[in-house]
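Participant: Sharing a structure, written as structure tokens. Questions coming.
Read-outs throughout are calculated quantities, based only on the coordinates presented, and are distinct from any laboratory measurement. Just so you know, these numbers come straight off a predicted model, no measurement behind them. Glycine also receives a Cβ, built like all others from the backbone with ideal geometry; neighbour counts cover every protein chain displayed.
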Amino acid sequence: MTEYANYSFWLETCGDDLTPRPALERSTEVDVAILGAGYSGLWTAYYLLRQNPALRVAVVEKEIAGFGASGRNGGWCSPKFPVTPGTLEERYGRDAARALLIAMHETVDEVCRVCAEESIDAHFHKGGALTLARGSHQLPAIQATRAVYERLGLGDCNRLLSAEETRERVNVTGVHGALHTPQSASVHPGCLIRGLTHALERRGATIYEQTEVISFEGGSRPRLLTPGGELRARLAVVLAGEAYLSQLPQLHRAVMPVYSLIVLTEPLTEAQWSRIGWQNRESIGSNRLTVDYLTRTADGRILFGSRGAPYVFGSKITDQQDRHEATHSRARRAVVEWFPSLEGIGFTHAWGGPLGMPRDWMPAVVFDPQSRIGTARGYTGQGVATTNLSGRVLANLILGKRSAVETLPLAQRQSRNWEPEPLRWLAVRYMQGAFARIDEAAETGRTRPIDAPIAEFLGKH
Ligand SMILES: Cc1cc2nc3c(=O)[nH]c(=O)nc-3n(C[C@H](O)[C@H](O)[C@H](O)COP(=O)(O)OP(=O)(O)OC[C@H]3O[C@@H](n4cnc5c(N)ncnc54)[C@H](O)[C@@H]3O)c2cc1C
């Protein structure tokens, strides 16, 4: 039997029984049939049932709830949207960008509110976020981001800190300043996702586990097809499988699985924490193109996450990619580079998982009333809070409710498909390598790679 607890520290410590729920064994009809028991699927189910408790909602999950990114992430429940505020403003204009970012702020509080209402102890902690400029080369980026927030009228929610002010919060090497976003929280992802399953079951939803959807069909009687039978839906079918949607032939090029990997230290002693500070448990990252994100867990460990495991030809998803040793080793070394006083610290866990990246890096929440197929996907690694907003948007779209959220730029949009192979593999591997070279050159004071402008241009297009 699969040991689901081994997939992440969060699943191991969520305190829930991970024994799979019964699979779907015969064809059944419901009102809404949802593929995927991650946050997207479960938040959608939750808001559907809140609005109409009489609905018959069923979720079909290939493994167990929380098996995907929702049970493995870095725990940032952040108001940051996957697309930068500057790009949002450029693509959708000031008002739409501002409305989306305000909705993200409200979303963090909404997650907290539902956790309280449903008695989900997800270790929700609103400690804020710090985007560090590690090295003077990272200062212009945080200053530029702050300038965009200012233009959008959100300057107060994103304040620049000097190097000294930053060090008063957390003692990290090479810090030249930071952007402080107080409206950010951290959660225990495992407790959140597993708590949501119980909240849903209390509201009458059915969750089938270890049931793979092998195909789906839209139309007047949309349905999910599984080996045990089909799940027909009267109102809608929802595809909420994020990176794994790429494994369905119909959606193979819609999202690309990109791996993010995490290492976790043993709990630090009080003496170690007193040298580091970080008393407010902010979510911390820097401005590396190859991404770094850190969390101080509720039980006093440091979680360090980063991208870097190479893209696999054909968008393959395998467990081996979760354990890419070169990436994990780099992350362990980085912990000591950031916090030299931790030289010799022990690491107890290492894991990872695929996140879903659409061609334009922008999440899409769509419901097509003709095919009766809905989807919420493409969070590009920032979905802990965003999925809650998606769930509300999708529930409204399915039920035909009107509110402000369905007019936000993530609703009713399409991203174009990824290029076919081998072009996709060549381009993505090139970008991964180029981003690593650009970061390394900046950090070691070497000349910027000659192809940096090309790589940065491709990263935006
Ligand atoms: C290592 C890592 C760290 C991250 N850190 C952060 C962070 O700190 N903050 C943040 O905001 N975001 C983070 N993210 C991203 C965030 O976790 C995701 O955006 C979010 O969890 C997506 O939720 P989801 O429900 O859409 O997808 P998932 O959680 O991936 O759920 C999809 C589910 O669908 C199931 N499924 C797929 N295909 C099928 C099928 N054919 N049949 C049946 N079931 C199927 C899968 O088994 C899975 O359980 C991180 C992601 C990773 C991988």
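Participant: Could you tell me the largest-minus-smallest coordinate of the C-alpha atoms of the range 354-461 on each of the three principal axes, in descending order and whole angstroms?
Facilitator: Extents along the principal axes: 55, 29, 22 Å.
Participant: Identify the residues of the range 171-215 with backbone N under 17 Å of a label point that sits 7 angstrom from the Cα of R159 along the Cα-to-Cβ direction, or state none.
Facilitator: Answer for this model: 177-185.
Participant: Grab the chain and count how many Lys pairs have their alpha-carbon atoms under 24 Å apart, sequence gap of 8 or more, or different chains. Please list the in-between numbers first.
Facilitator: Details: K62/K316; K80/K126; K80/K460; K316/K460.
Counting lysine pairs in the chain gives 4.
Participant: Related question: If you put +1 on each Lys and Arg Cβ and -1 on each Asp and Glu Cβ, how big is the dipole of the range 306-461 around its Cα centre, in Debye rounded to 20?
Facilitator: Working: 20 positive and 15 negative charges, 98 e Å.
Roughly 480 debye, rounded to the nearest 20.
Participant: Give a residue-ordered list of calculated ³J(HN,Hα) values for the range 250-264 (Karplus: 6.51 cos²θ - 1.76 cosθ + 1.60, θ = phi - 60°; whole Hz; x for Gly, Pro).
Facilitator: 5, 10, 3, 9, 6, 9, 10, x, 10, 8, 10, 10, 9, 10, 9
Participant: State, to one decimal in nm, how far the label point of V336 lies from the label point of R202, with both points 7 Å from Cα in the Cβ direction.
Facilitator: Placing both labels 7 Å along Cα→Cβ, they lie 4.6 nm apart.
Participant: Right, another one. For Y149, what charge total do you get from the other residues with a beta carbon under 14 Å from its beta carbon, if Lys and Arg give +1 and Asp and Glu give -1?
Facilitator: Details: positive: K80, R94, R98, R146, R151, R159; negative: E89, E150, D156.
Combined, the nearby Lys, Arg, Asp and Glu give +3.
Participant: Would you kindly state how much longer the chain becomes between R91 and L399 on full extension, computed as 0.36 nm times their sequence separation minus their alpha carbon distance, in nm to one decimal? Present the calculation step by step, with values, prior to reporting the outcome.
Facilitator: On the way: separation 308, 0.36 × 308 = 110.88 nm, distance 2.84 nm.
Result: 108.0 nm gained on full extension.
Participant: OK, next. Using the C-alpha atoms of the range 265-306, what convex hull volume per residue, in cubic angstrom, is computed?
Facilitator: Details: hull volume 2.9 nm³, N = 42.
In the range 265-306, the Cα convex hull volume per residue is 69 Å³.
Participant: Find how much the distance from T13 to E266 grows on full extension, using 0.36 nm per residue of separation minus their present alpha carbon separation; answer in nm with one decimal.
Facilitator: Numbers: separation 253, 0.36 × 253 = 91.08 nm, distance 1.39 nm.
Contour length minus Cα-Cα distance gives 89.7 nm.
Participant: Here's something else I'd like to know. I'd like to know how the range 222-315 sits against the 2.2 N^0.38 Å rule of thumb: what's its Cα Rg over that expected value? Don't skip to the end; give the middle numbers.
Facilitator: On the way: Rg = 20.3 Å, N = 94, 2.2 N^0.38 = 12.4 Å.
Cα Rg divided by the expected 2.2 N^0.38 Å: 1.64.
Participant: Could you give the length gained on full extension between S136 and R429, defined as 0.36 nm per residue of separation minus the Cα-Cα distance, in nm?
Facilitator: Numbers: separation 293, 0.36 × 293 = 105.48 nm, distance 2.80 nm.
Extending this stretch completely gives an extra 102.7 nm.
Participant: From zero up to wherever the largest Cα-Cα distance of the range 1-66 sits, split into 10 Å bins and tell me the percent of pairs in each.
Facilitator: In whole percents, the pair-distance histogram is 19, 43, 30, 8.
Participant: Can you work out the FRET efficiency for the pair A298 and S220, with r the C-beta to C-beta distance and R0 = 60 Å, to the nearest 0.05? Intermediate results must be reported in sequence, preceding the final value.
Facilitator: Working: r = 49 Å, r/R0 = 0.81.
Working from the Cβ atoms, E equals 0.80.
Participant: Over all directions, the average projected area of the alpha-carbon convex hull for the range 91-160 comes to how many nm²? Working shown, then result.
Facilitator: Numbers: hull surface 24.7 nm².
Over all viewing directions, the range 91-160 projects a mean Cα-hull area of 6.2 nm².
Participant: Near G177, within a Cβ-to-Cβ distance under 12 Å, what is the net charge of the other residues, with Lys and Arg +1 and Asp and Glu -1? Display every interim value, and only then the final one.
Facilitator: Details: positive: R134, R146, R159, R167, R169; negative: E164, E165.
Net local charge, G177 excluded: +3.
Participant: A follow-up question, please. Compute the Kirkwood hydrodynamic radius of the chain, taking the inverse of the mean of 1/r over all pairs of distinct Cα atoms, and give it in Å to one decimal.
Facilitator: Numbers: mean 1/r = 0.0447 Å⁻¹.
22.4 Å is the Kirkwood radius here.
Participant: May I ask for the net charge around T407, where only other residues with Cβ less than 12 Å from the Cβ of T407 are counted and Lys, Arg are +1 while Asp, Glu are -1?
Facilitator: Numbers: positive: R402, R413; negative: D95, E406.
Residues close to T407 contribute a combined charge of 0.
Participant: I would also like to ask the following. Starting at the first residue of the range 70-81, write each ³J(HN,Hα) from the Karplus equation 6.51 cos²θ - 1.76 cosθ + 1.60 with θ = phi - 60°, in whole Hz, x for Gly and Pro.
Facilitator: After applying 6.51 cos²θ - 1.76 cosθ + 1.60, I find 5, x, 9, 6, x, x, 6, 9, 10, x, 6, 9 Hz.
Participant: Per DSSP helix of 4 or more residues, -39500 (n - 2.57); summed, then divided by the residues of the chain. What does that give at 222 nm, rounded to the nearest 500?
Facilitator: -10000 deg cm²/dmol, from helical runs alone.
Participant: Average projected area of the Cα convex hull of the range 299-379, in nm²?
Facilitator: Working: hull surface 33.7 nm².
That works out to 8.4 nm², a quarter of the Cα hull's surface.
Participant: Grab every C-alpha pair in the range 257-397, bin the distances at 5 angstrom width from 0 up to the longest one, and report whole percents.
Facilitator: Computed distribution, short to long bins: 2, 9, 16, 18, 16, 13, 11, 8, 4, 2, 1, 0, 0.
Participant: Averaged across orientations, what area in nm² does the convex hull of the alpha carbons in the range 171-219 project? Working shown, then result.
Facilitator: Details: hull surface 34.5 nm².
Averaged projected hull area, Cα only: 8.6 nm².
Participant: Just how large is the dipole of the range 235-344 about the Cα centre, in debye to the nearest 20, putting +1 at every Lys and Arg Cβ and -1 at every Asp and Glu Cβ? Let's see the in-between values first.
Facilitator: On the way: 12 positive and 11 negative charges, 57 e Å.
About 280 debye.
Participant: Now for a different question. Write down the radius of gyration of the range 234-289 and its Dmax, each obtained from C-alpha positions, in Å.
Facilitator: Calculated on Cα positions, Rg and Dmax stand at 20.1, 59 Å.
Participant: Taking Cα centroids, how far is the range 365-433 from the range 82-155 in Å?
Facilitator: 19 Å
Participant: Amide H of I34: which non-local residues (sequence gap of 5 or more, or other chain) have their own amide H closer than 5 Å, using H built in the peptide plane?
Facilitator: Counting only residues 5 or more places away or on other chains, the set is A58, V59, V60, V238.
Participant: Could I ask something else about it? Please list, short to long, the whole-number percent of alpha-carbon pairs of the range 100-140 in consecutive 5 angstrom bins beginning at zero.
Facilitator: 6, 17, 18, 16, 14, 12, 8, 6, 3, 0
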